[in-house]
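J.: Structure below; questions to follow.
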Amino acid sequence: MRAAYRLVAILIAIAVALQVASIALSGFTIAKDADDGTTIGSDYSNFGESYHSIAGTVIGLLALVLLILSFLTDVPRGRVLAGIIVGLVVLQFLLAVVSFGLPALGVLHGLNGLAIAGIAGAASSRATSPTPAPSV
């Protein structure tokens, strides 16, 4: 189960990195499309935006899987780290929703995403450490 926990934690970190890449792709695509004369309105969408939205859902599901796995393994502080990741993912969703009305909060959305990746990396690292000996 440690291997599964480690794999899911790594997948979360990788998925967040792809989220960063996709939103950068989206921003540059918007700039190019605007330069080319495309009208950017509420009906506008591009691949980066679509991917970012769908992958966010996948990260949420992976976070829940990690939380479930944390109860089936003996990773040191594994449950705590998985719980923090789930909490940060919920916060990430809320920040995304609110940021459409208050765009400056988008900065917190980005920083929180990096926190998710960092905690997922720490969780993965914990899963590779040796199992502590049982105390007598």
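J.: Express the accessible area of region 26-95 per residue in Å², computed with a 1.4 Å probe while the remaining protein chains stay in the model.
T.: Values: 4190 Å² over 70 residues.
Dividing the accessible area of region 26-95 by its residue count gives 60 Å².
J.: Here's another thing I want to ask about it. If you take the beta carbon distance between Ser50 and Phe100 as r and set R0 to 22 Å, what does 1/(1 + (r/R0)^6) give as a FRET efficiency, to the nearest 0.05? List each step's numbers first, then the result.
T.: Working: r = 16 Å, r/R0 = 0.72.
After rounding to 0.05, the efficiency reads 0.85.
J.: If you work out Rg and Dmax of the Cα atoms in Å from the coordinates, which of (1) 15.3, 49; (2) 13.9, 41; (3) 17.7, 72 do you get?
T.: Comparing each candidate, only (3) matches the computed number.
J.: Next up: What order do you get for 38-50, 22-34 when each peptide is scored by the mean count of other beta carbon atoms within 10 Å, highest first? Numbers along the way, then the final one.
T.: On the way: 38-50: 11.5, 22-34: 14.8.
Result, highest mean first: 22-34, 38-50.
J.: Just to confirm a number: summing +1 for Lys and Arg and -1 for Asp and Glu over residues other than Thr128 whose beta-carbon lies under 14 angstrom from that of Thr128, what do you get? Spell out each step's value before the answer.
T.: Details: positive: Arg2, Arg6, Arg77, Arg126; negative: Asp74.
Computed value for this residue: +3.
J.: For the chain, what is the charge dipole size about the Cα centre, in debye to the nearest 20, if Lys and Arg each add +1 at the Cβ and Asp and Glu each add -1 at the Cβ? Please report the intermediate quantities before stating the final value.
T.: Working: 6 positive and 6 negative charges, 166 e Å.
Dipole of the chain, to the nearest 20 debye: 800 debye.
The values are calculated or read from the model by the stated rules, or taken from the named source; none is laboratory data. Just so it is clear, the structure is predicted and the values come from calculations on it, not from any experiment. Please note: Cβ atoms are built from the backbone with ideal geometry, for glycine as well, and neighbour counts cover all protein chains shown. Areas reflect the complete protein model, heavy atoms only, side chains present, ligands, DNA and RNA absent. Shrake-Rupley method; radii C 1.70, N 1.55, O 1.52, S 1.80 Å.
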